[in-house]
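Some notes on the structure that comes next.
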Amino acid sequence: MISVILATHNGSDTIARTLEALSLLQAPKGGWELLVVNNASTDDTEARVLAWQDRLPLTYRIEPRLGKSHALNAGLKLARGDLIVMTDDDVLPDPDWLIQWDSTAGNFPQCSFFGGAVVPEFGAMRPPSVLPAGEYGILYGATHDAPEGPLAPSWKTGLYNAAGANIAIRRSVRDEGHRFDTELSVGSGGIMGEDTEFINRLARAGHRMGFSPKARLRHIIQPHQLTWSWIYRRFVRGGRCDFMLLDVRQDNAGRLQFRFPHHRIPSALGSLARLVPAALRRNERQLFRQAHGLACDLGALQQAAWLCFSRKPRPSREAAS
């Protein structure tokens, strides 16, 4: 059996399309179950989900604590499948999505966690022309092309080929006690990267990662996600995430250990200084590069400053539940 965990927060704009696509899935050997966890939604997400109860193998739960990691952890407790696939409320999986997941898990028993292919679904819209396709990963969760099979664990591998909209773990990983870090992805302004932190932690624990290019889904991109204001805020959040995952460690007592990224200050000032002439010349590509760098630097500095003022012990990530 395959368990699919779908975490949703105020997903009324897209979740009906997602549930319709899930209703068209080909069933894998052993069947499947869908666990929808409503994470503190304040819109009509609940009504939209319950409308599909008779057409899907659906179990519905409410997780009142805001944060995607709380919702995923709640779903992990309920999952009964040998393979547990986690996804979002704004995706359109291919009809053979679960068939391909079942095939990959069977073909590569040495791997205990996996990433599946994620392709942005822009529809009739198009992203800004100066936006490099290489940025679709951090912005829209797009994965890079890779063959089916094991991948060497690395920061780049985890970042680009295990997007949170399409990852899977064996039940044995759940049974070992691995859970998502509940201090990440709390609300729209929270630190993203709960998926990257999770899979990199699994790799450090000795688990092997695999990739399934045929277990594919499309990520629905909404109009506001193509605006420069949204893109800039996303890069700021990316800078916060990079700092937390690359520069912050814990000691045995759970205390955070890090150095303030002073080098980011001249980098941010340099990007800011170069923004002005780029804007005057209307050089959109240069403007994008400098705004991108400035956003990432400011995000890291913002997160470091917040930690300096609120530095305190925290529970071990391994014990999160």
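Inside segment 84-178, counting only strands (runs of 3 or more DSSP E) that do not spill past its ends, which hold 2 or more residues that are more than 21 Å from V37 (Cα to Cα)?
Those strands (runs of 3 or more DSSP E) span 113-121, 149-151.
Condition test on I231, is it over 30 Å from P109 (Cα atoms) and either in contact with a His (Cβ under 8 Å, 6 or more places away or on another chain) or modelled with pLDDT of 85 or more (or both)?
When the stated conditions are applied, I231 passes them.
Name the pairs whose Cβ atoms lie under 9 Å apart, with the first residue in segment 117-141 and on the phi > 0 side of the Ramachandran plot, the second assigned to a loop (DSSP other than H, G, I, E, B) and buried (at least 18 other Cβ atoms within 10 Å of the Cβ), and 6 or more positions between them or separate chains?
G123/I221; G141/D88; G141/A163; G141/G164; G141/A165; G141/N166
Checking I99 against (1) surrounded by 12 or more Cβ atoms within 10 Å (Cβ to Cβ); (2) modelled with pLDDT under 95, which test does it fail?
Looking at each condition in turn, I99 falls short on (2).
Among the listed residues D96, D88, which satisfies the condition of being under 19 Å from the mean Cα position of the chain (by Cα) and among the acidic types (D, E)?
Going through D96, D88 in turn, just one is under 19 Å from the mean Cα position of the chain (by Cα) and among the acidic types (D, E): D88.
On the given criteria, is G239 in contact (Cβ under 8 Å) with a residue 60 or more places away in the chain and either outside any helix (DSSP H, G or I) or surrounded by 14 or more Cβ atoms within 10 Å (Cβ to Cβ) (or both)?
yes
Give the residues of segment 194-226 that are small (G, A, S) and farther than 15 Å from L83 by Cβ, sorted by residue number.
Passing the criteria: A203, A205, G206.
Which residues, taken from segment 242-265, are buried (at least 16 other Cβ atoms within 10 Å of the Cβ) and in a loop (DSSP other than H, G, I, E, B)?
Listed by number, the residues that qualify are F258, P261.
The values are calculated or read from the model by the stated rules, or taken from the named source; none is laboratory data. Here the structure is a predicted model, which is why all the values come from computation and not from measurement. Backbone-built Cβ (ideal geometry, glycine too); neighbour counts: all protein chains shown.
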